[in-house]
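These notes are about the structure you will find just below.
Just so it is clear, none of the values below were taken in a lab; they were calculated from the coordinates. This is a predicted model, so every value here is computed, not measured. Here the Cβ is made from the backbone with ideal geometry for all residues, glycine too, and neighbour counts use every protein chain on show.
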Amino acid sequence: MQILINEMKRWMVEAGENLKKALAKESLEVDTKSSRTDLVTNLDKQTQDFLIERIVSFDSTANILAEENGKHALSSMEGRVYVIDPIDGTMNFVLEGENFCIMVGIYEDGEPVLGFIYNVIKEEFLWGGPSIGVYLNEDRVNQPTIPSLSAGLVGINCKMYRENVGNSQEIGRRSMGVRMSGCAGVELVHLALGRRVAYISNLSPWDYAAGGAILQTFGMKLSNFNGEPLKFDGQEQFLAASAPIYDEILAIALNTEK
Ligand code: IPD
Ligand code: CA
Ligand code: CA
């Protein structure tokens, strides 16, 4: 496992260097997918191809679930599955040139093994898994002490908040404040490091796979917004938080508060 970890970090940092160079040259080809605001660039596709090529030549048993180039569905999560988001936060990548991540989650028969989230511009690399613990760059990270919903910040997807999905405005009101970074990876790193008390969004498997493996290492809870297990199949409304805060938020979302 150590060789896989070292290689994965090396490939992701190399991919990140290529993204920095592309940003410096301002040579992006930007396209839309499902809507005007659902962007994809030549770099999303190139980064994904680069990572898949490295993974498959390292691990011949690899199954791939990835956002771009027609790799977005798998019939099952059996075996070893690498779930890849080549650029998480493509809108930020294009319009801000920062606040985007490269993410890979590794699962074995649906169980988390490893998660890697690389914030390219910050050079903040969070990685780990249930059998090894969690690391920020080279330093071991301890499970954060998360106070309470009322004492921390909540990351909430802008549209869900605007439309008050699952009473998200009330959830925000009971917190210290709402943050919207436009990047699931950024939010999940914040949550793992105790800078957020919860994250609520509408996510696909490649958005939550890497962060999910890391959060579960810390015993945090994640599910869809009905409290059901995530399916790794299409987009779902998503909630992640440490256990007591997760229960508190789900009760507000489902109107089941006592
Ligand atoms: C998106 C970002 C965003 C989240 C969207 C994702 P992408 O990822 O993580 O924060 O709200 O649901 O699709 O498309 O930039 O990889
Ligand atoms: Ca994403
Ligand atoms: Ca993406």
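Of Glu163, Glu108, Glu17, the residue with the greatest mean-square motion in the GNM of the chain, using alpha carbon springs below 10 Å, is Glu163. Working note: 222 nm ellipticity from helices only, DSSP H runs with n ≥ 4, each -39,500 (n - 2.57), summed and divided by the residues of the chain, gives -11000 deg cm²/dmol to the nearest 500. Gain on full extension, evaluated as 0.36 nm per residue between Ser35 and Ser57 minus their Cα-Cα distance, stands at 4.5 nm.
Residues Cys183, Cys158, Cys101, ranked from the fewest to the most other C-beta atoms within 10 Å, line up as Cys158, Cys183, Cys101. Remark: the Asp49-Arg195 segment gains 49.3 nm on full extension, using 0.36 nm per residue and subtracting the alpha carbon distance. Fully extending the segment from Glu26 to Ala243 would add 73.8 nm, taking 0.36 nm per residue of separation and subtracting the current Cα-Cα distance. For Leu95 and Asn255, a Förster radius of 45 Å and the Cβ-Cβ distance give a FRET efficiency of 0.75, rounded to the nearest 0.05. With a ≥ b ≥ c the root eigenvalues of the C-alpha gyration tensor of the stretch 149-254, is it rounded (a/c under 1.5), prolate (a/b larger than b/c) or oblate? Because its axes are fairly even, with a/c under 1.5, the stretch 149-254 counts as rounded. Cross-link pairs exceeding 30 Å in C-alpha to C-alpha distance, out of Lys25/Lys122; Lys20/Lys221; Lys20/Lys231; Lys25/Lys231; Lys25/Lys159; Lys25/Lys221, comprise Lys20/Lys221; Lys20/Lys231; Lys25/Lys231; Lys25/Lys159; Lys25/Lys221.
What shape does the stretch 2-141 have by the C-alpha gyration tensor, where a ≥ b ≥ c are the square roots of the eigenvalues, rounded means a/c under 1.5, and otherwise prolate means a/b greater than b/c and oblate the rest? It comes out oblate by the Cα gyration axes. Take 224-237, 241-254 and order them by the average number of nearby Cβ atoms within 10 Å per residue, most first; the result is 241-254, 224-237.
Above 30 angstrom, tally the Cα pairs of the chain and express them as a % of all pairs, no decimals. That tail contains 23 percent of the Cα-Cα pairs.
Once you divide the Cα radius of gyration of the stretch 48-91 by 2.2 N^0.38 Å, the number left is 1.15. Taken over the C-alpha atoms, the stretch 200-241 has Rg and Dmax values of 9.1, 25 angstrom. A protection proxy built from the mean count of other Cβ atoms within 10 Å ranks the segments 187-194, 34-41, 130-137, most packed first, as 187-194, 130-137, 34-41. Counting only residues at least eight positions apart within a chain, or on another chain, the aspartates and glutamates with an alpha carbon under 16 Å from that of Lys71 are Asp44, Asp49, Glu53, Asp85, Asp88, Asp207, Asp233. Starting from the Cα of Ala73, move 7 Å in the Cα-to-Cβ direction to define the label point; list residues of the stretch 224-239 whose amide nitrogen is under 18 Å from there. In the stretch 224-239, the label zone of Ala73 (backbone N under 18 Å from the point 7 Å along Cα→Cβ) covers 231-236.
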